[in-house]
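Okay, so here's the structure we're looking at.
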């Protein structure tokens, strides 16, 4: 019974994303694991599905995606399909909508069943928070606590240092109303075996995981956890090499000079 | 004086399905009684699909109305604003897709209560397919393949199904559930629209000459389908309101 909760991850070649993808695929022992994307939280956007297909297309796996907004062939096939997966990956978007749509179709029950029968549940952002009792969502615009499925105890918040409003909302909520939990940066993640934390991983320098607990009287503690660094020999494409960086600086300086003239 | 509560449910049609035929969309715009009505599109049944929202704006240009849409998958406004925005409309137009997903998302954001309030305040509510089924107490959806019995918001105390003549499986399933105790209701073909004032059907209009609305009910164990007088909108006349539709019985399908 494994759940991998990622604080921010996309199917792109930006730094750390491929290392997390490989880590996820390494969690199952099958040669060509079956992995299914649930893009529900985004409203099943084509962009999310296309990025997943492109990234997974280069891997040894059997990929599929399940769009609840364009479901053909009936809902009776849903259970069979989900329960035969080695990995279910839940994409980001609106956590509130994700759970509402899942419940409308009974997917929440199927995922609980899949988890118990050995499917690795995985996801990022809304797709990570949904497994916990509580998450910090921006589904209504402002960052605020929302209930999750509760497969895992406590609370989770994502994009921890990229989204200061969300971090503030987590600290405040944990100090007052919701159970203790974790704040996770982009390209960092938590692996749970059963309901216990097995390890924290980081795939980018500076990406970390914090344990957040109430200190009583409206206060909180925020403690960084030790993470295992996932290395990636491949170069990321979001960090241009030195020549490109120099060219950009030069161009910026020249256009600045023209602007002043 | 209490506001007139109006709902128009399309069996299919409007900009979503009838490119180049604006008759049903123009009908609902005129029902608002305003020359430049405020119209808000709710695309949740499609997951707020970008391409659908773009088509809405093409079909409802700013020189005819004040168009807007409400996205619940990418909300950027504060929680109070959807209510203010929706109550400020003359017409709320609900797109097609999955009625289960639609109602699930609406309830999660409290939109169901706001729509109920908007209806009581005189905002005209309309939609096609999932955007038709959602207003009724229950209905038959085939969005996910085989026909399914679904619950709607229940503003209209009837059952409903859409794309009536074009989908045999849906019709058969509707009749079976009517015999099993589903409440009586109304069905509409692609291109036909049912106009309700309060709880009651006031008229049936159509954007195609052969599209019809139907009253469907179970009497003594038999399903009786009554084809309703349906007014074709394509004659260029101004659209007067009709008090009640005349009905012409046709043999029931069992």
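The values are calculated or read from the model by the stated rules, or taken from the named source; none is laboratory data. Predicted model only: the values in this text are computed from it and were never measured. Cβ sites come from the backbone with ideal geometry, for glycine too, and all protein chains shown count toward neighbours.
Some values worked out for this structure:
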| quantity | calculated |
| --- | --- |
| Some residue of segment A:172-181 being in a strand (DSSP E or B) and either touching a residue at least 24 places away in the same chain (Cβ under 8 Å) or surrounded by 24 or more Cβ atoms within 10 Å (Cβ to Cβ) (or both) | yes |
| Subset of segment A:126-167 that is in a helix (DSSP H, G or I) and within 13 Å of chain B (Cβ to nearest Cβ) - its residue that is farthest from residue A:192 (Cα to Cα) | A:165 |
| Checking residue A:67 against (1) within 14 Å of another protein chain (Cβ to nearest Cβ); (2) closer than 15 Å to residue A:122 by Cα, the condition it does not meet | (2) |
| Positions within segment A:27-47 being away from chain B (no Cβ under 14 Å), surrounded by fewer than 17 Cβ atoms within 10 Å (Cβ to Cβ) and over 17 Å from the mean Cα position of the chain (by Cα), in sequence order | A:29, A:30, A:31, A:32 |
| Segments classed as helices (runs of 4 or more DSSP H), wholly inside segment B:34-126, with at least 1 members that are in contact (Cβ under 8 Å) with a residue 60 or more places away in the chain and under 24 Å from residue B:6 (Cβ atoms) | B:99-109, B:111-120 |
| The one condition in (1) at pLDDT 95 or above; (2) within 14 Å of another protein chain (Cβ to nearest Cβ); (3) in contact with a strand residue (DSSP E or B) (Cβ under 7 Å, 6 or more places away or on another chain) that residue A:2 fails to fulfil | (2) |
| All positions within segment A:21-42 that are in contact with a strand residue (DSSP E or B) (Cβ under 8 Å, 6 or more places away or on another chain) and under 18 Å from residue A:130 (Cβ atoms) | A:24, A:35, A:36, A:37, A:38, A:39, A:40, A:41 |
| Residues (within 14 Å of residue A:34 (Cβ to Cβ) and surrounded by fewer than 18 Cβ atoms within 10 Å (Cβ to Cβ)) located in segment A:48-60 | A:59, A:60 |
| Residue count for segment A:205-232, restricted to those that are out of contact with any strand residue (DSSP E or B) (no Cβ under 9 Å at 6 or more places or on another chain), assigned to a strand (DSSP E or B) and under 17 Å from residue A:6 (Cβ atoms) | 0 |
| Residue list for segment B:202-222, filter: surrounded by fewer than 20 Cβ atoms within 10 Å (Cβ to Cβ) and assigned to a strand (DSSP E or B) | B:202, B:217, B:218, B:219, B:222 |
| Condition met for residue B:33 (away from chain A (no Cβ under 14 Å), over 17 Å from the mean Cα position of the chain (by Cα), modelled with pLDDT under 95 and surrounded by fewer than 24 Cβ atoms within 10 Å (Cβ to Cβ)) | no |
| Subset of segment A:104-125 [in contact with a helix residue (DSSP H, G or I) (Cβ under 6 Å, 6 or more places away or on another chain) and assigned to a helix (DSSP H, G or I)] | A:104, A:105, A:108, A:110, A:114 |
| Given (1) within 9 Å of another protein chain (Cβ to nearest Cβ); (2) in contact with a helix residue (DSSP H, G or I) (Cβ under 6 Å, 6 or more places away or on another chain); (3) within 18 Å of residue B:128 (Cβ to Cβ), index of the condition residue B:72 fails | (3) |
| Sole exception among (1) touching a helix residue (DSSP H, G or I) at 6+ places or on another chain (Cβ under 6 Å); (2) outside any loop (DSSP other than H, G, I, E, B); (3) surrounded by 24 or more Cβ atoms within 10 Å (Cβ to Cβ) for residue B:159, by number | (1) |
| Matching option when the condition is surrounded by fewer than 22 Cβ atoms within 10 Å (Cβ to Cβ) and in contact (Cβ under 8 Å) with a residue 12 or more places away in the chain, among A:109, A:193 | A:193 |
| Every residue from segment B:226-237 that is in contact with a helix residue (DSSP H, G or I) (Cβ under 8 Å, 6 or more places away or on another chain) and either in a strand (DSSP E or B) or modelled with pLDDT under 95 (or both) | B:234 |
| Single match in A:96, A:101 (criterion: under 23 Å from residue B:99 (Cβ atoms), in contact with a strand residue (DSSP E or B) (Cβ under 6 Å, 6 or more places away or on another chain) and within 11 Å of another protein chain (Cβ to nearest Cβ)) | A:96 |
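Let's see how each residue does on (1) at negative phi; (2) exposed (fewer than 10 other Cβ atoms within 10 Å of the Cβ); (3) without any contact (Cβ under 8 Å) to a residue 12 or more places away in the chain:
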| residue | (1), (2), (3) |
| --- | --- |
| A:209 | yes, no, no |
| A:217 | no, yes, yes |
| A:221 | yes, no, yes |
| A:224 | yes, no, no |
| A:230 | yes, no, no |
